[in-house]
Every structure is written in structure tokens, then in C-alpha cells.
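Note sheet for the following structure.
The values are calculated or read from the model by the stated rules, or taken from the named source; none is laboratory data. Everything quoted here is computed from the prediction, not taken from an experiment. FYI the Cβ positions are ideal-geometry reconstructions off the backbone, even for glycines, and counts take in every protein chain you see.
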Amino acid sequence: MTAHSHADMLPRGTLVTAAALVLFALGAVAIMRIAHVPASASPLALRAANHMVPVASRNLRFIDRADGAVLIEDADSGGTASVIAPGQQTGFIRGVMRGLARERRMHGIGNQPPFNLSLWRDGELSLTDSATGRSIELTAFGSTNRASFAVLLPQQATAS
């Protein structure tokens, strides 16, 4: 039987390359920290810093019905903003709301606090959870997905 040597398991070049990558990453982080380069700001932080107000806004509640539909309620008036019927091609809205509802469940929050849908002067559209503070930039998901939420705003806001 021959002796097993761990030195033969990885080629020397692979180890040198891995060590160089680790040193490069540590060096890059150190330079960023020493130079005090600020992290890129989120749209939410930029809007707050510039005191931007939305062009249009609506507070909404998303309520699952027993028949599989989702009732979208205007939280301010109590009226119905929209109803997503079972099987309707609105998977994006359901997916976004499923993620936000999961986060609320983790924090023990129900569906009473509304979500705020806001259209900004630059055309960006965001959905903010008033209970957790989490904000989703809907424009980042493409024009079709953005449009599925934009129709929930007052009509005069989306026409401009």
C-alpha cells in the first residue's frame, strides 16, 4: 500500500489563484473603507433626501377570498380597487404580495395595515409596506409587470 498525500490533491496553481482572489477582495474592501466611498443609495433614501413627493398615491389592502380571488381594497375609502379572479394572468401581483405577506407573518402582522402604491415624478412606481417599511421598486420588473400595478392608481395619474 502507498501512503496517501494531501499535497497531491490540488495543483499549486489553483491554490495560488485562490489566494490571489482572496487578497484582491480584502484589498478592494479595505480601499473602499479607507477612502470612505459611500454605498449607493436606494431609491427610497434618495427620494427622502430630496424631499420628493409622489405624483399619485393610493393605500391598498390585498385580501384573499375563499374562492381563490384576491380583493384589492382602497384602504382610505373602503371601496374595491380591483378583483383578481382565480386563473387571471396576474401572477406578478400575486407573487409580490405573497412575498410581502410572508414577511408580515414572520413579524406577526396581519393584513390590516395598508400598502402604499406610489407613482413618482420620474415615472418610477413603488409599493411600500406601511407595517414593515419594505419598499419594492416595481419599474425594475419591466413595463408589463409595472403596468399590472399602475392600473390600481387613480386614472388621471396614469394618463399623464
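Of all the criteria given as (1) exposed (fewer than 11 other Cβ atoms within 10 Å of the Cβ); (2) touching a residue at least 40 places away in the same chain (Cβ under 8 Å), the one not satisfied by residue 77 is (2). With respect to being surrounded by fewer than 17 Cβ atoms within 10 Å (Cβ to Cβ) and either in the same structural domain as residue 144 (by TED's automatic domain parsing) or not acidic (Asp, Glu) (or both), residue 98 fits the description. Could you figure out which of (1) β-branched (Val, Ile, Thr); (2) under 30 Å from residue 80 (Cβ atoms); (3) at pLDDT below 90 isn't true of residue 55? Unmet condition: (3).
Applying a threshold of 7 Å to beta carbon distances and a minimum spacing of six or more residues, or different chains, the list of pairs starting in segment 43-71 at a residue that is of a type in the set (Gly, Ala, Ser) and ending at one that is assigned to a strand (DSSP E or B) reads 56/119; 57/116; 57/117; 57/118; 69/83; 69/84.
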